[in-house]
1. Taking K and R as +1 and D and E as -1, what net charge do the other residues with C-beta under 12 Å from the C-beta of A:SER649 add up to?
2. Roughly speaking, what is the centre-to-centre gap between region A:32-64 and region A:510-524 when only Cα atoms are used, to the nearest Å?
3. If Rh is defined by the Kirkwood formula over all Cα pairs and Rg also comes from Cα, what ratio Rg/Rh do you get for region A:541-725?
4. Is it possible to state the helix-based mean residue ellipticity at 222 nm for the protein assembly as shown, with each DSSP H run of 4+ residues giving -39500 (n - 2.57), the sum divided by total residues, to the nearest 500 deg cm²/dmol? What is it?
5. Nearest 5 is fine: what % of DSSP beta bridges in region B:2-222 come out antiparallel, could you say?
6. Suppose every K and R has +1 on its Cβ and every D and E has -1 on its Cβ; what is the size of the dipole of region A:541-725 about the Cα centre, in Debye to the nearest 20?
7. For A:LYS338 and A:LYS277, compute 0.36 nm times the residue count separating them, minus their Cα-Cα distance, and round to one decimal in nm.
8. In region A:1-80, what GluC sites (Glu not before Pro) fall in a loop by DSSP, with at most 15 other Cβ atoms inside 10 Å?
Amino acid sequence: MSLEEQELAELKSKIGRDPTSTELQIVAAEWSEHCSYKSSKRHLKMLPMDGPLVINEKGYDSGVLDVGDGYVVTAHIESHNHPSAVEPYGGAATGVGGVIRDILSAGTRPIAIFDGLRFGDIETDLQARWLFKNAVTGIADYGNCLGIPTIGGEVEFDECYKNYALVDVAALGFGKKENLIKNHAKKDDIVVLMGGSTGRDGIGGSQFASDSLESEDRSAVQIPDPFIEKLIIEAVLQARNDGLIHAMKDLGGGGLSCAISETADALDIGIEMDVDKVHTRESDMTPDEIMVSESQERMLIVTSKIKLKKLEEICKKFRIGCSVIGLVKFDNQVHIKKGEKTVANLSADVVANATLLDLPSKEPSYLKTIEDEQKFKPISDYSALMMKLLASPNIASKIWVYGQYDHEVGIRTVVKPGTDASVLRLDNGKYLSAKIDGNPKQCYINPREGAIGCFEEACRNVVCTGAKPIGMLDHLQFGNPKDPEIFWTFLESLKGLTDFAKFFKIPCVGGKVSLYNETPTGSIKPTPVIGVIGLIDKKPSVPQKISQDDCLLIIGDTKNELGGSEYFEYIHKFVGGKCPTVNFEDSKKHMTSVLDIIDKNLIKSAHDCSKGGLAVAVSEICMTNQIGCKVSLDKVPGEKLDVDRILFSESHSRYLLSFDKKNISMIEEILKKNKVSFEQIGQFGGNQIQFTNASKLIIDLDLKKAHEIWLHALPNLVLHGKKSV
Amino acid sequence: MKVAVVVFPGSNCDRDMYHVLTDVFHLNAEYYWHEKELPENIDAVILPGGFSYGDRLRPGVIAAHSPIIKDVKKMAEKGIPILGVCNGFQILVESGLLPGVLLKNESLNFMCKWTNLIVENNKTPFTNQFKLDERIPIPIANGDGRYYADDETMKKLNQKNQIVFRYSEVVNGSADRIAGVCNEDGNVVGMMPHPERAVESDINPIDNKPSSLIFESLMTKMGVTK
């Protein structure tokens, strides 16, 4: 919990004296990787961040998109990996709390939560099971209490997260453009700390998150209180409506140190504050502790003396703390006092802007041979294999998870969780769709193509609802950046995401970098998680229930790229092979075509092919619609491949369309016009899920049995330690 | 006619309920903060769902001691229609306006899912437009929704026709699959599922008409035309 030697020397030379102990604490917090992005910042600039819908204002902790008619959507993503690995319930819950306050600080009401959860192999690892179960409960207890629906996410298990946890939380907000907080400060303005009391929890949390996890430092984990957070949301929104907020920032990593210095730096002001004015949970806290405590549910508000009375009345109504802790000055200094005594006095610019690093990078040696495939044992019974895949933790239904999240509150959820992407209705008659996706297995094999794949998958999911992607969030999670091989994977992923974002003109509206994700057995696989937000102009026409004799059509070629697939890794226990790649031109044609077809109301549902490939995607459609299907593998477009490769390849840019056969000619016309590779491959009906190859039956599953296994495999494993197949 | 929507610290379905009352059924509704008094001219009171006081101690128990509950009790005695949904139901039970208790679900988890209700009593102000045994597709979202009452209370509930809704399937281990009950006079009704989440076709994937009858029943009782 201290500065490195050369950083200390740098600080001394910048301020021309020895720092005080409080100054050291403040700078150590703010210069931590978590707060300063010192390793990544110079590279993140490559991402396109502007677009016709993006609204940029200084000091926002979330991205803002104009969705028309005077309304905006805000978006942000965060993670809480280190805390969740030590204390999954509190770590995951406070992860939700933090990102919600980022949405709130722009002046918008949070309307949706998404979670990406990653743990070790829960089939064999009891610790992973414990982490998973408690992280889910933490998210449920926090989000449900706030009355913000958790409408999407993903859950994945991989050996590389053994004894560790990745808990990513994204959130969306909604509000009127005119109500956005325009962060500013005027002469004689005051600084108010609102919300929960400051205690000794989460001390040094941001430095804790910026080191490898070596100790179970539970005191560095913050304690969640969703009830206070709910009161803060209502109080802040009321204060916003009454025009009482000049500037606002949530207290997250680095606590008051970061909130004060970043606010001062962003608004080009100075702030003088007195630690004795902070409402604390304990009476004997030192200035150092108060400045770096990461106690949750706190907001920093800049307001005027005249408006203070009304703000205090609102806080009194909701019975939350409201302390005037400081004054706005125009000297650009962060001046911290304890009573009359100065304990820290630093230039805001020095504190808020750590010297950026230019770390070396080098292509990892393991990549040289990773694409080589080994010989696999031939599969004797594909039906049995399919049942095993449907019961595997990464493919089994996640209803046990999202069934614990209130996904209806707020009465906006038009398309519910469990499909490609959920859809929310907005007050201007438009609809919003969003999804987050990651794929560490593919990113390990090819960090660049893997990251692009995550981005495309999130786009595909949103496109399947009929929504056009308008913005993306990136969350880049890697190991120790000082290892040049790890830093190389970070840069490659970032470059891939940048290329895709530029080609598709999807601006990056928010993001987060989480480094030092190290487990006792080594670094995690590169885990970028990408969120995509899409907009629909009218009520979505999909999904509709599929019925007897409806047709199934696939868009996109199935290729020999099974590296990182569930088939290779779960069935053959093989890590390697060629990672799927995205052809940007094809990807664009496919997205445009699917959106056009949905817009013309020609299909009942669109589903993307991803984890588990075509075989799993078709089964999912059948199970959720309670109808059988017969698929001819020999009709699947693409190069000539063995049956297992057609079934389980995870090639990108593929969509499965289900529709009434009367629409076939109109659908074909659109696809032909756009020069899209497609084929009608199956027909719905009956109670069996069947795949044939040259009229030979390859897979024959009883729909009911498959559905049972798929639905219950996860809770059976988590709650009873029972493998279903 | 004027409907009061009572707001406690931690209520989180108050805005949803208000939207349904005003935008969908065009009723005159107003929020009442838990420290306020309810004026005499109120025609119906709704306690919406949420996590009043963060479910501390026990869901609904702290809110049941709010100042406004005194007025809610007075209104209940006068026969004014009162509906508690989810946490609102828990508050009505904790304040003694309705019999029984709500325990943790059998799964020990929070449950959010769509299910079906069966109408068991169509004489209340919130069910008078239903046929007996009519089904209502509706979502639940709670952690403590398992209705329980001792044998004597159960007997009385049956005798006095106080069971208003049952689940069509076993959902959470509720006694006799009870999803909603009323007081002896029938004017105070509590239910765990959320009718305000089911009355608009946009967000109801099955059928929004049955749930709408809950609000249309209230309008009928009040003599308000659609």
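Coordinate-derived values only; no laboratory data. Computed from a predicted model, the values in this text were never measured in an experiment. We place every Cβ from the backbone using ideal geometry, glycine too, and count neighbours over all the protein chains shown.
1. Numbers: positive: A:LYS559, A:LYS578, A:LYS611, A:ARG645, A:ARG654; negative: A:ASP557, A:GLU561, A:GLU566, A:GLU639, A:ASP642, A:ASP644, A:GLU650.
So the surrounding residues net to -2.
2. So the separation of the two Cα centres works out to 19 Å.
3. Taking Rg over the Kirkwood Rh, I get 0.97.
4. -9500 deg cm²/dmol
5. Details: 21 of 37 bridges.
Within region B:2-222, antiparallel bridges account for around 55 percent of the total.
6. The dipole magnitude comes to about 140 debye.
7. Numbers: separation 61, 0.36 × 61 = 21.96 nm, distance 0.86 nm.
Gain in length upon complete extension: 21.1 nm.
8. A:GLU4, A:GLU57
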